[in-house]
Structures are given as C-alpha cells and as structure tokens.
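The values are calculated or read from the model by the stated rules, or taken from the named source; none is laboratory data. Quick caveat, the model's predicted, so the values are computed rather than measured. Neighbour counts are summed over all protein chains in view; Cβ atoms, including those assigned to glycine, are modelled from backbone coordinates with ideal geometry.
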Amino acid sequence: MTARGTAVAAVAGVAFATLAGLVAAGAFTGVDQWGVDHLMPSAPFHHAQPGLLEAVVPLLHQRFDSPLAVAADIVTLPASALVSLAIVAAASRVAGIGLLAAWVAGSAVELLCKHVLVRPPLYDGTFHVAAFDSSFPSGHAFRAVLVAYAVTRARPRVRYIAVAWVIVSVALLQLAGWHTPTDLAGGLVLGALVSGGLGWRGGRAAGALRARGLPARP
C-alpha cells in the first residue's frame, strides 16, 4: 500500500474507532433516538433481536408488509451476507483476492463490535428497542460499500449506478427501521476503510503494470 493509501486507511480507522467509542458512551443517543422517532415510518419494533441465521440467509423471516419493507428487502439484497460474498468472490477474479480478504476483515470487525459494544437504550414510546442495543455498525451498509467497490473494479462503467445504489440502500435501511443513523454511518466508514485501502493498493499495482508495458486489470 502506498503512503497515501496508508493515510486513507489510518484516517478511516481512527474515524471508525472514534465513532464506535462515542456511540458506546452515549454521545449520539439523541441523534439515534431522533432517528427512531422520525426516520423509521414503517418499523415494527420487537423484543427479540434477529438471530445469526436471519443475518446470514437472504430474505429469511424478512417483512413484506409495507412498500418500504419490500423495497428495502429487494434493493439491499446484494448487500446481504451470502449474496455479497458471492459478488465479491466473482469480482475478485478480476480485481484481486484482496477483495475477499476485505470482506472477511470487515465482517470480523462488524461481529466483534456487535458482541462488545452496547449503546444506551433507545425507545419507541415507552418500549425499549432492544434490537438496537448492539446493532453498531450496520453490516448491510458496510457490505454495500464493498460490493459497490468490487463491481466498480470489475466493471468501471457502472460506478455511478453503484454509488446511487449505495445511497438508496442506506436510505431504505434507515426508513425501514433496520438501523439507526450511527449504525449506518459506522457501516459506511467501515466500508470506506476496507475498500479505500484496497483502492490505493490497486492503483499502485496498475501503475506498476503500465510502467512495465503490461495491461492493467480493469
């Protein structure tokens, strides 16, 4: 990785760690509570948190009872765990095996945070929304960034579509009540951390190939 790539990864890493610490300390509880109150129009809150099986298997036990829920389920499907892994694996044949390593590393950070980081409680009226206690960061937001990066590396012409898809996906995750604003911010920063470092390394490798008169990967 180049010095510039190292700097980008370092900034993103510091930003993620800082955000995680502030979320755990309750510094953004007001922001997240406002999100619960005003930015989740179709969210039915339940006592039980989604299990590991629901997190892994696409569309398992997902809601289809409102237009927002249906849109979120369909639009964010490429960012689900198994589907995103398949997309990243396919793109890695063109962009390099580092994509798979980034998926694994980012997923490990996501799972670690969800096991050790607990935010102050959020409420829907008087109901404690326990599902948000350990929902930082958003795995869907992280994987959306990585999928968009992987697809762009394999097919550069679709980069604007990929960016638009990430924006729409994050908006739907919020509106459908899957995550709080800081969860989504954390997922985006985590995605930027892993894909940003890969991008700088990929740019360096492409430059080296061109200097030798060899074709660079798309």
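The numbered conditions (1) surrounded by 14 or more Cβ atoms within 10 Å (Cβ to Cβ); (2) part of a helix (DSSP H, G or I); (3) at pLDDT 90 or above are all true for G30 except (1). Among the residues of the range 62-70, is any buried (at least 20 other Cβ atoms within 10 Å of the Cβ) and under 28 Å from G21 (Cα atoms)? Looking for residues that are buried (at least 20 other Cβ atoms within 10 Å of the Cβ) and under 28 Å from G21 (Cα atoms), one finds none in the range 62-70, hence no. No other residue among A95, A105, A101 is crowded, with 17+ Cβ neighbours inside 10 Å and touching a helix residue (DSSP H, G or I) at 6+ places or on another chain (Cβ under 9 Å) apart from A95.
Take V151 and tell me if it is in a helix (DSSP H, G or I), more than 27 Å from L39 (Cβ to Cβ), over 19 Å from the mean Cα position of the chain (by Cα) and in contact (Cβ under 8 Å) with a residue 24 or more places away in the chain. The answer is no for V151.
Filtered by the rule that a residue be more than 14 Å from G186 (Cα to Cα) and assigned to a loop (DSSP other than H, G, I, E, B), the range 131-148 gives a lone residue, D133. Which residues, taken from the range 92-130, are in contact (Cβ under 8 Å) with a residue 24 or more places away in the chain, part of a loop (DSSP other than H, G, I, E, B) and out of contact with any Leu (no Cβ under 7 Å at 6 or more places or on another chain)? Result: G96, L117, V118, R119, P120, L122.
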